[in-house]
Amino acid sequence: MPDGSPTATAGGAAAPEFPRQTRVVVIGGGIVGTSVLFHLAERGWTDVVLLERKRLTSGTTWHAAGLVGQLRATYNMTALASYAKDLFRELERRTGDSTGFMQHGSLLVAHTPGRWDEIRRNASMARLTNVDMEFIGPERLGEMWPLLNTDGIVGAAFIPGDGMANPTDVTMALAKAAKLAGARVFEHTKVTRIVGRDGRVAGVETDRGMIDCEYVVNCTGMWARQLAGQDDVVVPLHAAEHFYLVTEPIAALTPDLPVLRMPDEQAYVRNEAGKLMVGFFEPGAKPWATDGIPDDAEFLTLPEDWDHLEPYIVKAANRIPVFGQVGIQLFFNGPESFTPDDRYILGEAPQLGGYFVAAGFNSVGFASGGGAGRAVADWVVDGRPPMDLWEVDIRRFMPFQRNRRYLYERTTETLGLLYEMHWPFRQVETARGIRRSPLHDRLAARGACFGEVSGWERANWYAPEGVEPRYEYSYGRQNWFEPSAEEHRAVREGVALFDQTSFGKILVQGRDAERELNRICTANIAVEPGRIVYTQWCNDRGGVEADVTVTRLAEDRFLVVTTGTQTMRDQDWLRRNIAPDAHVTVTDVTSGEAVISIMGPQSREFLATLTDADLSSAAFPFGAAREIDLGYAFARAARTTYVGELGWELYVPSEFATHVYDAIVGAGEPFGLRHAGYHALNSLRMEKAYRHWGHDMSDEDTLVEAGLAFTAAWDKPGGFIGREALLPQREAGASRRLAVFTLDDPEPLLYHNEPVWRDGELVGWITSAMFGHTVGRSIGLGYVRRKDGPVTADWLAAGTYELEIATERFSASASLRAPYDPTNARIRA
Ligand SMILES: Cc1cc2nc3c(=O)[nH]c(=O)nc-3n(C[C@H](O)[C@H](O)[C@H](O)COP(=O)(O)OP(=O)(O)OC[C@H]3O[C@@H](n4cnc5c(N)ncnc54)[C@H](O)[C@@H]3O)c2cc1C
């Protein structure tokens, strides 16, 4: 084995010696690994090494179709993808080598009114990101793409900034630029194991010996799960076969043809040096290599499968008749990795300190690799992500999601989902029914229509008798709108039951638990046992890392309750911030208790029929938690709410849950007890402007900006993390602030990402939204920015507002106060 291959040298210099020690080892020489390496070097971290098992690009990167699309589902993902075009130009400047980048734009075609709605909604989001987008009709589309049969096409969007580039050239340019900056690259070097010590990375073992290091970045694409699995690091991804065809040369193809994306017909098309390249995102994809990716795979191609692709080839030939007439020169089938939620995986693994991952790119890795590589490099150097990256954060995954059968089945769906309609509230259909509350079958018998979150099945709405609990998707009012409205009304006017078992429950206990938690929490949790405290956890910049309740169960025992998706992340935050020598343990006890919430003005009267406990406000005030008898069992009743009404969350040991549920439902009829689902919950919480972490706040939004400064105990002994950063903002006020918007027109629906206009100027966007059935209008939470001072109630009231939905603007009112019961009179009743 040579000591470094030719690519290990920079500008003809001698091959560097194989290192025994370095600061960072980047594993994998595809677009992502080389991007991480380049950007680490850019940040001045030049004591960094990239190890590639075979040759650079020999994994998935070499056969990427080279499409560089900027527009993604959200603002931050679009920002990462848009960076690619700047990077390509910069690489060409630095290295003098071509990246093959051509910016002829792309066309996104709608064949259905639903898709047209989707594109127009995306266009409004694009406005926030500086991605230009122009609508064109079928006629203009035909002029721009003369080989296209435009029959039945509703319209298209032209994105002039999109383009394509050569994946191999870009990867090589990244490696060269990184080496010019001082980084080192070693091909033909396989990492066999990561070595950990005291919970942190200590080095990597390779087939050329050991390298001591402080950080690794696993950029091994479809190999990432198996490499990470050796260290119990959870990287849920699975390879799938991914296809494109290349035709014989076609004389009529002009070199400046934009890339054509036709999601309704599952195809994309581009000019490949005078030939047509037609690629597919077909439903019912073919997972590949479930038992493990072969170790010796290099520049891999998989067998053709005409039968599998036939329906999509036929559709494409109908759209582009010349495609059906010329010969096919290449039927390409290559593997790419897909994740359970079609979003890639970035960040430091909660299982091992210093172990970073950048993998699972769901066929957008070429376009996103530049930005993702930069983000991970920044994350390594700064010890935190450079922006809110929660949607791709590795900590969103639960350990079960590395299950091979689960990944296999989900992968049949995820590849096609890329081009499927991205309907609001769309649910995955594969690998369902994995995490069920003890009440699941009972709720199903009541007509529950379940949605999936982190593997949990949660009742989103209840179908009335005679109606099938199935979604009928659209951008308008979906089939559950009215049933969910009735659930909402039951909570506001009577009493309703929610199953909130999917809450994450984290037990923090030990002699130092109070001291350590109090430093992490903004609120004062040094309260009497039996009190519930609503609090955030902030980082040292004052950004909100978590939004939880903390219940003091005993002197040395606290229960942190969070949402199901944040359970891993919040535990990670606790472990990172609890002093290493503190006498504190952190345990995930989610599975131990079901949570049955009884909410509504009649909840006290109703629950009183089931318990001997005194539920009066004097005996059981808001914010109290105590054990009460219920049926033949006991539950810990917590007087708290996310819906803005009188109510109790009942924490019931799992094995008692069905009994308690039966007792509750058995007594419910005289009170008209209804079952209510998560869609109603969302509508209710929006009316109260209750924030949702991950949407309405993140690690880059400060406590003051999020409007949650009231939770902080500013003067508690010892302070809290983030206090010093927040104090000046608390004094001066924030120039960016979360506000609540209510549309004037009761008809349009908000979903989130809608731009907010103030006096004709773009000032922010909606972070979460829902129709409020009591208010009778769509409500959205969103940040607004003021250029010349703090956002105050007066400044907000002085403006006129419009929210942009699918490129149309609708007038709205804005406030810092909740539209429903802003004084909280109802919850304290
Ligand atoms: C047919 C097809 C078309 C595509 N078209 C596009 C497109 O148009 N636009 C787009 O954005 N994306 C596209 N993609 C997706 C894109 O190619 C991938 O997302 C991207 O290349 C992934 O890059 P990566 O660096 O994560 O993985 P890879 O390129 O697979 O790199 C991982 C590297 O890690 C190495 N490795 C593995 N294990 C080890 C080990 N133990 N030690 C050392 N090295 C190791 C491998 O050898 C490999 O080189 C396409 C994919 C396919 C299959």
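Remark: the chain projects, on average over all directions, an area of 34.8 nm² (convex hull of Cα atoms).
When +1 charges are put on Lys and Arg Cβ atoms and -1 charges on Asp and Glu Cβ atoms, the dipole computed for the stretch 690-829 relative to its Cα centre reaches about 520 debye. Total lysine pairs in the chain at Cα distances under 25 Å, for residues eight or more apart or on different chains: 11. For the stretch 196-211, 3J(HN,Hα) computed residue by residue from phi via the Karplus equation (6.51, -1.76, 1.60; θ = phi - 60°) reads x, 9, 6, x, 10, 5, 10, x, 10, 9, 10, 6, 10, x, 8, 10 Hz, glycine and proline entered as x. For the chain, the share of accessible area belonging to carbon and sulfur comes to 48 percent (1.4 Å probe, ligands and nucleic acids excluded).
Placing unit charges on each Cβ (+1 for Lys and Arg, -1 for Asp and Glu) gives the chain a dipole about its Cα centre, and among Ser617, Met102, Thr60 the Cα reaching farthest toward its positive end belongs to Ser617. Contact order, relative form, for the stretch 727-829: 34 percent (alpha carbon pairs under 8 Å, 6 or more residues apart, mean separation divided by residue count).
Quick check: the distance between the Cα centres of the stretch 606-657 and the stretch 40-113, to the nearest angstrom? The stretch 606-657 and the stretch 40-113 have Cα centres separated by 54 Å. Quick check: from the Cα gyration tensor, does the stretch 363-420 come out rounded (a/c under 1.5), prolate or oblate? Note, shape of the stretch 363-420 comes out oblate. Local charge for Asn577 was computed over the other residues whose Cβ lies under 15 Å away, with Lys and Arg +1 and Asp and Glu -1, and equals -1. Each part gets one Cα centre, and for the stretch 442-487 versus the stretch 773-801 those centres are 32 Å apart.
In sequence order, the stretch 614-622 has phi-based couplings of 7, 9, 5, 4, 5, 8, 9, x, 4 Hz under the Karplus curve 6.51 cos²θ - 1.76 cosθ + 1.60, θ = phi - 60°, and Gly or Pro positions carry x. Charges at C-beta only: +1 for Lys and Arg, -1 for Asp and Glu. How large is the resulting dipole of the chain about its Cα centre, in Debye rounded to 20? The calculated dipole for the chain is roughly 1220 debye. The length gained on full extension between Ala825 and Arg470, counted as 0.36 nm times the residue separation minus their Cα-Cα distance, comes to 124.1 nm. Surface analysis of the chain yields an accessible area of 37 Å² per residue, using protein heavy atoms and a 1.4 Å probe. The packing ranking, built from the mean of other Cβ atoms within 10 Å per residue, places the peptides 529-542, 653-666, 319-332, 364-377 in the order 364-377, 529-542, 653-666, 319-332, highest first.
For Cys449, the residues whose amide H sits under 5 Å from its own are Asn460, Trp461, Tyr462, Ala463, ignoring neighbours fewer than 5 places away on the same chain, with H placed 1.01 Å from N. Sorting 752-763, 188-199 by average packing, meaning the other beta carbons within 10 Å per residue, from highest down gives 752-763, 188-199.
How large is the direction-averaged shadow of the alpha-carbon convex hull of the stretch 126-227, in nm²? Hull-based average projected area comes out at 12.3 nm². Computed packing ranks the peptides 42-54, 426-438 as 42-54, 426-438, most packed first, by mean other Cβ atoms within 10 Å. Once you keep just the Cα pairs under 8 angstrom separated by 6 or more residues, what percentage relative contact order results for the chain? The value is 11 percent. I need the shape label for the stretch 470-510. Rule: rounded when a/c is under 1.5, else prolate if a/b > b/c, else oblate, with a, b, c from the alpha carbon gyration tensor. It is oblate, given that a/c is not under 1.5 and a/b is not larger than b/c.
The charge dipole of the stretch 156-308, taken about the Cα centre with unit charges on the Cβ atoms of Lys, Arg (+1) and Asp, Glu (-1), comes to about 640 debye, rounded to the nearest 20. Distance between Cα centroids, the stretch 517-594 to the stretch 729-764: provide it in whole Å. Comparing the Cα centres of the stretch 517-594 and the stretch 729-764, I get a distance of 31 Å. Counting Lys and Arg as +1 and Asp and Glu as -1 over every other residue whose Cβ lies under 13 Å from the Cβ of Glu413, the net charge comes to -3.
For Glu545, the residues whose amide H sits under 5 Å from its own are Trp537, Cys538, Asn539, ignoring neighbours fewer than 5 places away on the same chain, with H placed 1.01 Å from N. Size descriptor for the stretch 220-288, Kirkwood hydrodynamic radius: 14.6 Å (Cα pairs only, one decimal). Positive-end ranking of Met770, Leu650, Ala126 along the dipole of the chain, with charges on Cβ about the Cα centre, is headed by Leu650.
Ranking Val234, Leu253, Phe710 by Cα position along the charge dipole of the chain, where only Lys, Arg, Asp and Glu carry charges on their C-beta atoms, puts Phe710 farthest toward the positive end.
Compared with the alpha-carbon gap, the fully stretched path from Ala619 to Ile328 is longer by 96.9 nm at 0.36 nm per residue.
Pairs of alpha-carbon atoms within less than 8 angstrom and 6+ residues apart define the contacts here; what relative contact order does the stretch 607-690 have, in percent? Rounded, it is 24 percent for the stretch 607-690.
The values are calculated or read from the model by the stated rules, or taken from the named source; none is laboratory data. Just so you know, these numbers come straight off a predicted model, no measurement behind them. As a convention, Cβ positions derive from the backbone with ideal geometry for all residues, glycine included, and neighbour counts pool all protein chains shown. Heavy atoms of the whole protein, side chains included, go into the accessibility calculation; ligands, DNA and RNA do not. Shrake-Rupley method; radii C 1.70, N 1.55, O 1.52, S 1.80 Å.
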